[in-house]
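A.B. asks: Supplied in structure tokens, the structure appears directly below.
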């Protein structure tokens, strides 16, 4: 077991070095050793990586490596970044070396020979050559489907690219959570600081909307992205609740419909969301001349936007919808319970929502009846 | 050798030009043209690799100065990279260009350049910078998530197709024909990539609402090819959709089956049954449109071969597999019999489609008489305006080997007076073209032979000569004449069943089989009889053993 862990450490180091100019010093023997270690670890992963003490030991070692490299507060881990990567460590290593132009002539020649030995390779299981060919084929497939077939104007949560990023995020959060109790929160904060924020927010939304797959799908030999249910999303919700300015950005950046779906799925978020909406509402004042509610400062949320959000929320299924209406009624009461427009934004919102609902019922041919609004 | 190298140089020029025109295959024309040439280009790459692998880098550049351009152009075409093994062979060719020991900086640079191209091929063409930053930020490399991404894209497209199929009337959500066509083109190189199966299936099954076919024919051809070579596994519903939407594919599948049957061992019905079941055609034929096409092709084959017994046997096995498949179909979704056999009277179709296994043995004679009556009515009746051509009725009857091959046996095994209906049926089966008089004559002849055989069946000491005399052989000149075939059939049945028959079996057959063709005929008969007995469970141990022995012996003679 100890020697296995040493292999793990060495290999992780190798991965780090493979990206640096240090490879200039590598000779064919070094390349050979590196590939051997990778192959050995891949074999171990495939045989024992599903369950049991070996997996736990390996994971723990990886986690301690990550903690040594500064935990999750810093940038991406330079070495072995996730456990499943052991299943194709040889591919990872090979690609990094191929990308590295500092590789010497002899080492390069040896590497290429090893990676692409030609036809008639007698191995029983999938060789490195086949894995690489498949990756190239996969890449072309994605490229062609993206530019020749995929729809552009999809709902956010249906977009494959968004979905894949969300799955990756959830998987990573789960792994980080195993490594360190406070890991996910620190990790997410570091991502927030480093990555393009707009994209990140969208990915978070999609991640929060991923369907929960309760029974774990049967383990395949392909190191696929494991769809884990609650843990990742819980970590996300927890983090959003703990970071108010992130949540505010989240609520502003995403469209009304998405936010409604998210808050329906994760009730813990609804009080904070409503609170935010209330704050936004209070920043608007009534312009007597124009007869509309206007922003006090340019970055405030305008009336239409606010109305949209509330309208969307009122179309959500019961627990959320009722909460929203109660909140609005309460605010209206606090303001003085006016029925006349132009005095309290809450009155006006309720009026707008009611008439909107009435008109909708008319259009749909429903009887005016007792509107629940 | 020299000719090969000249060919290669010509090909080289051709492909260099093609690649330049195709560029990155971003227009409809370049995509279509690339799809048409994918297989040939891969063959060319293989030939190139075979040539290059024994040469060193300098020699290669002397022979093909622009090889680096050719290979680089190929790498920029995603259709080529996506197809089958092309990306692998391309990589092998590039590896051949690497200088083992670079002498100067130019050679070193070349090595670096090749390394770069290899890296490019494998880098899984990236797109949005934001996405790349995100995944890297999480600590993932493309190899970690590309399979998952492909899966998500495929599932998303498949569900979009399904939605389009079900709710396409809502024009806002409809998939434009251009997009569908484009999608089908893009799938052509990807068909043998298992991750793409759900998309291929969805494209086949969901045909939207346009009146004419939108998907590109290259797509159908590529799918069909993959199905025939077993490089893809699709559910039966998808295969049926393919064959319904693209007739050439169905025809090709039939031809593929014929080729297999021709090139396999002659006269082995068990093997024929295997091939037929393997082709999925019987199940597909449960759809009447497919059955009609398949039946038509069988009819053509039969006519062109002048009624060759092997073709008849194949039709019979196919029909048997087809009836089995039909029986397994969901009763509510079954088509009426009339759609499969539009020119036949429904009562005849119903009787013929019965499996002898499902009819009690005592009723077999009665059933055969009934079949005979109905067929005779169809053949001899000119007034009802049905398709009175005797060949049609014969072709129909020929399908059902279970009954057709039973007639001779039934006649021989009943001691009573041979029923005229069965005599007629037997004569009709062996010569459908005969006029009434000719047929009546044949029936008389057969009756006489049967009489003789019946007389001989009781006797314990027989000789092969006796048999020949009983059959009245030697009087006809043409051994291939249908009457001769018929009589041979009766004799063979007799030899297998009669108590004294087995003693004279070898001699009798030796006398009969004086040409190779007749020997094959007898082999075919024995194989078919054993196959039939096996299915119906009517074998007696002695007859079976005898038949097997005879078969083995005859097979060694040809």
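The values are calculated or read from the model by the stated rules, or taken from the named source; none is laboratory data. Everything quoted here is computed from the prediction, not taken from an experiment. Don't worry about glycine lacking a Cβ; one is built from the backbone with ideal geometry, like all the others, and counts go over all protein chains shown.
A.B. asks: Can you tell me which residue in segment B:117-138 is farthest from residue B:53 (Cα to Cα), limited to those that are more than 8 Å from chain A (Cβ to nearest Cβ) and either in contact (Cβ under 8 Å) with a residue 40 or more places away in the chain or surrounded by 13 or more Cβ atoms within 10 Å (Cβ to Cβ) (or both)?
C.D. replies: Ranking the candidates gives B:126 first.
A.B. asks: If I go through segment B:91-106 residue by residue, how many of them are part of a helix (DSSP H, G or I) and facing chain A (nearest Cβ under 9 Å)?
C.D. replies: Of the residues in segment B:91-106, 4 are part of a helix (DSSP H, G or I) and facing chain A (nearest Cβ under 9 Å).
A.B. asks: Also: Please go through segment B:73-85 and give me each residue that is part of a helix (DSSP H, G or I) and either surrounded by fewer than 18 Cβ atoms within 10 Å (Cβ to Cβ) or at the interface with chain A (Cβ under 9 Å from one of its Cβ atoms) (or both), ordered by number. Steps first, please.
C.D. replies: Step one: of segment B:73-85, the residues part of a helix (DSSP H, G or I) are B:73-75, B:78-82.
Correct list: B:78, B:79, B:80, B:81, B:82.
A.B. asks: Run residue B:261 past the list (1) over 20 Å from residue B:83 (Cβ atoms); (2) exposed (fewer than 14 other Cβ atoms within 10 Å of the Cβ) and report the number of the one that doesn't hold.
C.D. replies: Residue B:261 satisfies every listed condition except (2).
A.B. asks: Turning to a different aspect of this structure: Any chance you could count how many residues in segment B:30-51 are more than 11 Å from chain A (Cβ to nearest Cβ) and under 18 Å from residue B:95 (Cβ atoms)?
C.D. replies: Summing the residues that are more than 11 Å from chain A (Cβ to nearest Cβ) and under 18 Å from residue B:95 (Cβ atoms) in segment B:30-51 gives 6.
A.B. asks: Evaluate the following for residue B:186: is it surrounded by 19 or more Cβ atoms within 10 Å (Cβ to Cβ), within 24 Å of residue A:140 (Cα to Cα) and more than 25 Å from the chain's Cα centre (by Cα)?
C.D. replies: yes
A.B. asks: Please specify each residue of segment B:277-288 satisfying the condition of being within 27 Å of residue B:217 (Cβ to Cβ) and surrounded by 16 or more Cβ atoms within 10 Å (Cβ to Cβ).
C.D. replies: B:279, B:280, B:281, B:282, B:283, B:284, B:285, B:286, B:287, B:288
A.B. asks: Which residues, counting only those in segment B:186-225, are in a loop (DSSP other than H, G, I, E, B), within 21 Å of residue B:280 (Cα to Cα) and either in contact (Cβ under 8 Å) with a residue 60 or more places away in the chain or in the same structural domain as residue B:80 (by the TED database) (or both)?
C.D. replies: Within segment B:186-225, just B:192 meets the criteria.
A.B. asks: When residues of segment B:107-116 are filtered for being buried (at least 19 other Cβ atoms within 10 Å of the Cβ) and either more than 7 Å from every other protein chain (Cβ to nearest Cβ) or more than 21 Å from residue B:62 (Cβ to Cβ) (or both), how many remain? Outline the logic, then answer.
C.D. replies: As a first pass, look at segment B:107-116 and keep what is buried (at least 19 other Cβ atoms within 10 Å of the Cβ): B:111, B:114-115.
Narrowing the set further to residues that are either more than 7 Å from every other protein chain (Cβ to nearest Cβ) or more than 21 Å from residue B:62 (Cβ to Cβ) (or both) leaves B:114-115.
Residues meeting the conditions: 2.
A.B. asks: Do we have residue B:251 as touching a helix residue (DSSP H, G or I) at 6+ places or on another chain (Cβ under 9 Å), outside the structural domain of residue B:401 (by the TED database), over 22 Å from residue B:189 (Cα atoms) and modelled with pLDDT of 95 or more here?
C.D. replies: It is true that residue B:251 is touching a helix residue (DSSP H, G or I) at 6+ places or on another chain (Cβ under 9 Å), outside the structural domain of residue B:401 (by the TED database), over 22 Å from residue B:189 (Cα atoms) and modelled with pLDDT of 95 or more.
A.B. asks: Moving to a separate point now. Return a yes/no flag: does segment B:198-211 have any residue that is under 24 Å from residue A:131 (Cβ atoms) and more than 10 Å from chain A (Cβ to nearest Cβ).
C.D. replies: Yes: one or more hits.
A.B. asks: Moving on. Only one residue in B:514, B:493 is more than 31 Å from the chain's Cα centre (by Cα) and surrounded by 15 or more Cβ atoms within 10 Å (Cβ to Cβ). Which one? Reasoning before the result, please.
C.D. replies: Working: B:514 fails: surrounded by 15 or more Cβ atoms within 10 Å (Cβ to Cβ).
Testing whether each residue is more than 31 Å from the chain's Cα centre (by Cα) and surrounded by 15 or more Cβ atoms within 10 Å (Cβ to Cβ) leaves just B:493.
A.B. asks: From B:274, B:286, which residue is over 12 Å from the mean Cα position of the chain (by Cα), under 18 Å from residue B:227 (Cβ atoms) and either modelled with pLDDT under 95 or not assigned by the TED database to the domain that holds residue B:398 (or both)?
C.D. replies: Going through B:274, B:286 in turn, the sole match is B:286.
A.B. asks: Can you tell me which of A:133, A:141 is modelled with pLDDT of 90 or more, over 24 Å from residue B:203 (Cβ atoms) and at the interface with chain B (Cβ under 10 Å from one of its Cβ atoms)?
C.D. replies: A:133
A.B. asks: Residue B:141 passes all but one of (1) at pLDDT below 90; (2) surrounded by 18 or more Cβ atoms within 10 Å (Cβ to Cβ); (3) more than 7 Å from chain A (Cβ to nearest Cβ); which number fails?
C.D. replies: The failed condition is (3).
A.B. asks: Quick check on segment A:104-126. Is at least one of its residues within 30 Å of the chain's Cα centre (by Cα), facing chain B (nearest Cβ under 8 Å) and either on the phi > 0 side of the Ramachandran plot or assigned to a helix (DSSP H, G or I) (or both)?
C.D. replies: Among the residues of segment A:104-126, not one is within 30 Å of the chain's Cα centre (by Cα), facing chain B (nearest Cβ under 8 Å) and either on the phi > 0 side of the Ramachandran plot or assigned to a helix (DSSP H, G or I) (or both), which makes the answer no.
A.B. asks: Moving on. Any residue at all in segment B:165-179 that's crowded, with 21+ Cβ neighbours inside 10 Å and in a helix (DSSP H, G or I)?
C.D. replies: Checking segment B:165-179: not a single residue is crowded, with 21+ Cβ neighbours inside 10 Å and in a helix (DSSP H, G or I).
A.B. asks: Another question, if that's okay. Condition first: more than 11 Å from every other protein chain (Cβ to nearest Cβ) and more than 28 Å from residue B:161 (Cβ to Cβ). Can you find one or more residues in segment A:145-160 that meet it?
C.D. replies: Scanning segment A:145-160 turns up no residue that is more than 11 Å from every other protein chain (Cβ to nearest Cβ) and more than 28 Å from residue B:161 (Cβ to Cβ).
A.B. asks: Further question: Looking at (1) part of a helix (DSSP H, G or I); (2) touching a helix residue (DSSP H, G or I) at 6+ places or on another chain (Cβ under 6 Å); (3) more than 7 Å from chain A (Cβ to nearest Cβ); (4) over 19 Å from residue A:100 (Cβ atoms), which is the only condition residue B:153 fails?
C.D. replies: (3)
Every residue, every condition in (1) out of contact with any helix residue (DSSP H, G or I) (no Cβ under 6 Å at 6 or more places or on another chain); (2) assigned to a helix (DSSP H, G or I), yes or no:
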{"residue": "A:290", "(1), (2)": "yes, no"}
{"residue": "A:294", "(1), (2)": "yes, no"}
{"residue": "A:297", "(1), (2)": "yes, no"}
{"residue": "A:300", "(1), (2)": "yes, no"}
{"residue": "A:305", "(1), (2)": "yes, yes"}
{"residue": "A:316", "(1), (2)": "no, no"}
{"residue": "A:319", "(1), (2)": "yes, yes"}
{"residue": "A:324", "(1), (2)": "no, yes"}
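A.B. asks: Let me ask something additional. Suppose we keep only residues that are surrounded by fewer than 18 Cβ atoms within 10 Å (Cβ to Cβ), more than 10 Å from every other protein chain (Cβ to nearest Cβ) and not in a loop (DSSP other than H, G, I, E, B) within segment A:175-196. Which one would you say is farthest from the chain's Cα centre (by Cα)?
C.D. replies: For segment A:175-196, the residue satisfying everything is A:178.
A.B. asks: Okay, next question. Whether any residue in segment B:226-245 is in contact (Cβ under 8 Å) with a residue 24 or more places away in the chain, out of contact with any helix residue (DSSP H, G or I) (no Cβ under 7 Å at 6 or more places or on another chain) and over 20 Å from residue B:286 (Cα atoms) is what I want to check.
C.D. replies: Scanning segment B:226-245, I find at least one residue that is in contact (Cβ under 8 Å) with a residue 24 or more places away in the chain, out of contact with any helix residue (DSSP H, G or I) (no Cβ under 7 Å at 6 or more places or on another chain) and over 20 Å from residue B:286 (Cα atoms), so the answer is yes.
A.B. asks: Taking into account only those residues within segment A:82-103 that are at the interface with chain B (Cβ under 8 Å from one of its Cβ atoms) and assigned to a loop (DSSP other than H, G, I, E, B), which is nearest to residue B:112 (Cα to Cα)?
C.D. replies: Step by step, filter segment A:82-103, then rank; the result is A:101.
A.B. asks: Does segment B:517-537 hold any residues that are buried (at least 17 other Cβ atoms within 10 Å of the Cβ), in contact (Cβ under 8 Å) with a residue 40 or more places away in the chain and within 23 Å of residue B:415 (Cα to Cα), and which are they?
C.D. replies: Matches in segment B:517-537: B:529, B:532.
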